[in-house]
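Nothing in this text is a laboratory measurement; each read-out follows from the coordinates by a stated rule. As the structure is a prediction and not an experimental result, all values here were calculated from the model. As a convention, Cβ positions derive from the backbone with ideal geometry for all residues, glycine included, and neighbour counts pool all protein chains shown.
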Amino acid sequence: MEALWKQASRLKEQVARQGVFKQFGAGGYGNSDNAFTDESEVKLHHRLEKLYLSTRAAKHFQRDVVRGVEGYIVTGSKQVEIGNKLSDDSQKYGIENTCTSGNTLSRAATYYGKARSLIEKERGNMLKAFGTQVAEPLRAMVMGAPLEDARHLAQRYDRIRQEADAQVVEVSRRQSRVRESAGNSDVISKLEAAEYKLEELKSNMVGLGKEAVSAMAAVEGQQQRLTLQRLIAMVEAERTYHQKVLEILDHLEEEMVSERQKIEAPPPPAAESYMSPPPPSYDEVNGMFASTSADQAVNSVDFFLGEALDSFEAESEFELNLSVGDIVIVRKVSSNGWAEGECKGKAGWFPHAYVERRERVLASKVPHIF
């Protein structure tokens, strides 16, 4: 009989537990049985479960963003360092270059060095914005008190649910004993005490559940708003960086293409246009100067200094050889595009467009004129 009694008691407990709802599955903040079938409490429980999962996922995403931004800042800072070194080297070459065939590359290197410095400055501004406007606010929220407080409320709610679940089994056991005791007052009193405790637990559980849901909902909303704002701030900072870099590169390209054209492009107009007619002879020039007609082919001009922009190879004894950078004393200019002058102790004719007037020349080049 005693064995049958124990078996019957275990069966009653199992029947009482069959009506219990499962609390949280995998990913919840606890696992326990729930024997309450109140629809509003079940909805509250499910709402809290979703909020818990949502805030946990958002917290992990915020942490991932912070780690990614911090890594980007580290690598970006190294890029700034390398870029500034390249800027310094380029400007140093531009200042110290002693090339004898012209200073076009020196100017281009200087332009590039200055532009690179501006680009790295903009990169530094972007990385600073990433740190102050993205990483720091998100890190503060991940480690902040509101989320932890809300999670503590949810955990307290879970513990009370577990206590209430255990109390349901206790009430079921007391009810069985009342039926078996045939109205024993002591057994009935214990049942009433157990039922009172159960109602108290249910009341506390519902109140705490509502408080936890409210706190978790507030944290969820804050997570969504703040994270979106920081992502937008990151996009805006990077967009501003690229816009300014594009402006810098556009200006740099114009400067460097202009320098390249000075090296590669033939002097305008083409040299062939100067081959016909040939330069006037000295006799013709002297005759023209002696004439006072209005159709003079050679203009008398004040002497001036000019720098050769391109090389010119003389094809007759009346023409003057020129090399790039030569300083020429220009004495006469013909209407057919030729000029007469002196360079390196020799005099002769050359295409006027090959020479550009200079108001000043380096003192080191003066001895090479005569």
Bins of 10 Å from zero: percent of alpha-carbon pairs in region 177-265: 13, 14, 12, 12, 11, 9, 8, 7, 6, 4, 3, 1
Simple label model, 7 Å out from Cα along Cβ direction - Arg357 to Ile263, nm: 3.0
Separation in nanometres of the label points that stand 7 Å from Cα toward Cβ, at Val74 and Asn125: 2.7
Length gained when the stretch Arg159-Ala233 is fully extended (0.36 nm per residue, less Cα-Cα span): 22.6 nm
Share of Cα-Cα pairs in region 105-153 lying beyond 17 Å, as whole percent: 60
Under 23 Å from the Cα of Lys210 - lysines, other chains or at least 8 residues apart: Lys22, Lys43, Lys50, Lys59, Lys197, Lys202
Region 84-228, relative contact order in percent, only Cα pairs under 8 angstrom and at least six apart counted: 23
Projected area, mean over directions - region 114-198, Cα convex hull, nm²: 7.6
Contour minus Cα-Cα distance for Glu39 and Glu313 (0.36 nm per residue): 88.3 nm
Amide hydrogen neighbours beyond the local backbone of Arg358, cut-off 5 Å, H modeled: Leu305, Gly306, Glu307
Computed label-point distance, nm, for sites Ala140 and Glu255 using a 7 Å Cα→Cβ extension: 4.0
Residues with amide H under 5 Å from that of Ala339, placed H, sequence gap 5 or more: Ser334, Phe350, His352
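Translational D (Stokes-Einstein, µm²/s) of region 79-133 at 4 °C and 1.567 mPa s when Rh comes from the Kirkwood sum over C-alpha pairs?
In µm²/s, the coefficient rounds to 108.
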Förster-model FRET efficiency, 51 Å R0, Ser323 and His242, C-beta, rounded to 0.05: 0.70
Partner aspartates and glutamates for Lys344 [C-alpha distance under 15 Å; skip if fewer than 8 residues away on the same chain]: Glu307, Glu313, Glu319, Asp326
Using θ = phi - 60° and Karplus 6.51 cos²θ - 1.76 cosθ + 1.60, couplings along region 116-129 (whole Hz; Gly, Pro as x): 4, 4, 5, 5, 5, 5, 5, 5, x, 4, 5, 5, 5, 5
